[in-house]
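Below: the structure, in structure tokens.
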Amino acid sequence: MKLVFLASTKPDLNWFRTYYETIFPEGLGTARLHYVKAIDNIVLNPYIGRQIGMEGLRKLPVRKTPFAIVYEVFDDRIEIVRIWDQRADPESLGFEEEAAVLE
């Protein structure tokens, strides 16, 4: 299945890289491995993530990191919507329903 990263992931991926290059460089190698494994798992089993908030959105935590991949599954593709730092305010995710679930 085709994997599409939406433009909304660009600042998230920049933060992921900045976090592991400047704040926690000791975790960079492990974080990359777990991130790639999470993406691979989504491609192999698109419904592996927990359904959240708005209908169709799913969230899969990246093991041993504070990040989660927020995505949506369509018939012909998987759209990665966010690479979300879960330590952030849930309302910053932009999905009110998710904020309600986490509170």
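Each reported figure results from applying straightforward, stated rules to the coordinates on display, with no laboratory input. Keep in mind that what you see is a predicted model, and the values were worked out from it rather than measured. Every residue, glycine as well, gets a Cβ built from its backbone with ideal geometry; the counts of neighbours run over all protein chains shown.
May I ask you to evaluate 6.51 cos²θ - 1.76 cosθ + 1.60, the Karplus curve with θ = phi - 60°, for each residue of the stretch 44-49 and list the ³J(HN,Hα) values in order in whole Hz, giving x for glycine and proline?
After applying 6.51 cos²θ - 1.76 cosθ + 1.60, I find 6, 9, x, 9, 5, x Hz.
For residue 5, what residues show an amide H to amide H distance below 5 Å, using hydrogens built from the backbone and excluding near sequence neighbours?
For residue 5, the qualifying residues are 80.
Using 0.36 nm per residue of separation minus the Cα-Cα distance, give me the extension gain between residue 36 and residue 24 in nm, one decimal. Write down the numbers at each step before the final one.
On the way: separation 12, 0.36 × 12 = 4.32 nm, distance 1.82 nm.
Contour length minus the Cα-Cα distance gives 2.5 nm.
Counting alpha carbon pairs within less than 8 Å and at least 6 residues apart, what relative contact order, in whole percent, applies to the chain? Kindly include the intermediate steps, with their values, before the conclusion.
On the way: 146 pairs, mean separation 30.5, N = 103.
That works out to 30 percent.
Which chymotrypsin sites (Phe, Trp or Tyr not before Pro) from the stretch 20-76 combine a DSSP loop assignment with at most 10 other Cβ atoms within 10 Å? Kindly include the intermediate steps, with their values, before the conclusion.
Working: sites: 20, 35, 47, 67, 71, 74; in loops: 47, 74.
Those that pass, being in a loop and sparsely packed, are 47.
Per residue and in cubic angstrom, what volume does the convex hull of the Cα atoms of the stretch 1-61 have? Don't skip to the end; give the middle numbers.
Values: hull volume 6.1 nm³, N = 61.
In the stretch 1-61, the Cα hull volume divided by residue count equals 100 Å³.
So, counting K/R as plus one and D/E as minus one, what does the shell of residues with Cβ under 12 Å around residue 41 add up to? Don't skip to the answer; put the middle values down first.
Working: positive: 37, 58, 63; negative: 40.
That works out to +2.
Counting only other residues whose beta carbon sits under 12 Å from that of residue 3, what net charge do I get with K and R as +1, D and E as -1?
On the way: positive: 2, 77; negative: 40, 72, 76, 79.
My count for the surroundings of residue 3 gives -2.
For the chain, state the average projected area of the convex hull of the C-alpha atoms over all orientations, rounded to one decimal in nm². Walk me through the numbers before you get to the answer.
On the way: hull surface 25.0 nm².
The number I arrive at for the chain is 6.3 nm².
With the dipole of the chain worked out from charges on the C-beta (+1 for Lys and Arg, -1 for Asp and Glu) around the Cα centre, which of 31, 90, 8 lies farthest toward the positive end?
31
Counting other beta carbons within 10 Å of each Cβ, put 83, 48 in order, fewest first.
Numbers: 83 25, 48 12.
The most exposed by this proxy come first: 48, 83.
For a quick check of your reading of the filter: which GluC sites (Glu not before Pro) in the stretch 6-69 sit in a DSSP loop and have no more than 13 other Cβ atoms within 10 Å?
On the way: sites: 21, 26, 55; in loops: 55.
Here the sparse-neighbourhood loop sites are 55.
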